[in-house]
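Each remark here refers to the structure printed beneath this line.
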Amino acid sequence: QVQLVESGGGLMQPGGSLRLSCAVSGSILRPNTMGWYRQAPGKQRELVAVMGNGITTTYADSVKGRFTISRDSAKNTVYLQMNSLKPEDVAVYYCYARIVSSEYWGKGTLVTVSE
């Protein structure tokens, strides 16, 4: 059974940094795509950043220049380095993986940005 386990969320002051990690287990196939989505209170889930098997990445406009996605394919792990955090980054961040045509989600990790 495929599982995605996130870690690294928490509380940070505005302007600070956090790094999220997500490890995929239970699959003999390497994910085609891995990435991160987030859902803020009262809002729909939205894409933050995704990365394909190569170096192709897609970022939400709101995080470009501040967040960086990276991937360790050998470990089936994806990371999200979040710098210059803003109050509007507060959300539950969900790890995402697509393996062939199936999609999988982590349970989410909360990121809070506050003084």
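For the range 36-84, state what percent of all Cα-Cα pairs lands in each successive 10 Å bin, counting from 0 Å until the bin that includes the largest distance.
All Cα pairs considered, the percentages come to 24, 52, 22, 2.
Could you check what % of the DSSP bridge pairs in the chain are antiparallel, to the nearest 5?
The antiparallel proportion sits near 95 percent.
Would you check the range 40-115 for Lys pairs whose C-alpha atoms are within less than 22 Å, ignoring same-chain pairs closer than 8 in sequence, and give me the count?
Pairs that pass both the separation and distance tests number 5.
Taking a probe of 1.4 angstrom, what is the accessible area of Lys43 in Å², to the nearest 10?
140
Once the convex hull of the alpha carbons of the chain is built, what does its volume come to per residue, in cubic angstrom?
93
Once you place label points 7 Å from the Cα toward the Cβ at Ser101 and Lys43, how far apart are they in nm?
My value for the distance between the label points is 3.3 nm.
For the range 12-17, just list the computed ³J(HN,Hα) in residue order, Karplus coefficients 6.51, -1.76 and 1.60, θ = phi - 60°, integers in Hz, with x standing in for Gly and Pro.
Working through the residues one at a time gives 9, 6, x, x, x, 10 Hz.
Suppose R0 equals 35 Å; then what is the FRET efficiency for Leu29 and Leu110 from their Cβ-Cβ distance, rounded to the nearest 0.05?
After rounding, the FRET efficiency stands at 0.75.
The values are calculated or read from the model by the stated rules, or taken from the named source; none is laboratory data. Quantities reported herein were computed from a predicted structural model and do not represent experimental measurements. All Cβ positions, glycine included, derive from the backbone under ideal geometry; neighbour counts span all protein chains shown. All accessible areas refer to the heavy atoms of the entire protein, side chains included, with ligands and DNA or RNA removed. Shrake-Rupley method; radii C 1.70, N 1.55, O 1.52, S 1.80 Å.
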